[in-house]
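A short worksheet on the structure shown next.
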Amino acid sequence: MRIQAARESKKGEDACAAICEGDDAPAAFAIFDGHSGKISAKECAEIIPRRILDSGTPFDPKVVVDTFWAVDEELGKKKIFDGATAQLLLVDKAADGGLDCMLAWCGDSSAVHADVA
């Protein structure tokens with residue numbers, strides 16, 4: 001299965017991204033809730049999931065945090081001053097055949113972690 005998508009919400013200030021390039025490839029699913037505009041949410045959806053997937057597996061929490069901060073700095077340099085909260089789910093195959101998942105979020109939007117194993 002190959003899914004690669006980025007779309008805005010009906011309101012126009014939110015953006016999401018899904019990158020799933022195959023059954024054995026790591027995947028990323030993200031929602032960026034725009035604040036005071038849509039530019040940063042759209043930019044984050046285009047940059048953050050791909051950059052973290054490109055960093056390789058296993059997923060490293062420090063890489064995730066550093067990527068969020070780096071993109072924040074890049075947006076500031078581009079004079080993009082609206083903001084976005086983020087929810088990001090990273091998925092990879094585990095050695096035992098199951099899935100390894102990492103859920104990361106920042107801002108005041110909620111994310112729920114449920115153990116469904």
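The values are calculated or read from the model by the stated rules, or taken from the named source; none is laboratory data. Model, not experiment: these values are computed from the prediction. Don't worry about glycine lacking a Cβ; one is built from the backbone with ideal geometry, like all the others, and counts go over all protein chains shown. Keep in mind that these areas ignore ligands, DNA and RNA; they rest on the heavy atoms of the full protein, side chains included. Shrake-Rupley method; radii C 1.70, N 1.55, O 1.52, S 1.80 Å.
When residue 84 is evaluated against the numbered criteria (1) at pLDDT 95 or above; (2) outside any helix (DSSP H, G or I), which criterion, by number, is the only one it fails?
Evaluating residue 84 over (1) at pLDDT 95 or above; (2) outside any helix (DSSP H, G or I) leaves (1) as the failure.
Only one residue in 23, 66, 33 is acidic (Asp, Glu) and part of a helix (DSSP H, G or I), so which one is that?
66 is the lone residue from the list that is acidic (Asp, Glu) and part of a helix (DSSP H, G or I).
Looking only at segment 66-86, how many residues end up being free of Cβ contacts under 8 Å to residues at least 12 places away in the same chain and either touching an Asp or Glu at 6+ places or on another chain (Cβ under 6 Å) or closer than 19 Å to residue 19 by Cα (or both)?
Qualifying residue count, segment 66-86: 0.
Among residues belonging to segment 22-47 that are farther than 15 Å from residue 84 by Cα and at pLDDT below 90, point out the one that is least open to solvent (accessible area, probe 1.4 Å). Give the derivation first.
Looking only at segment 22-47, we keep the residues that are farther than 15 Å from residue 84 by Cα, and these are 22-29.
Next cut, at pLDDT below 90 only: 22-24.
Numbers: 22: 16, 23: 118, 24: 121 Å².
In this case the residue turns out to be 22.
Name every residue in segment 61-91 that is charged (D, E, K, R) and either more than 14 Å from the chain's Cα centre (by Cα) or open to solvent by 80 Å² or more (accessible area, probe 1.4 Å) (or both), in order of residue number. Full working, then the answer.
Step one: filter segment 61-91 for residues charged (D, E, K, R), giving 62, 66, 72-74, 77-79, 82.
Passing the criteria: 62, 72, 73, 74, 77, 78, 79, 82.
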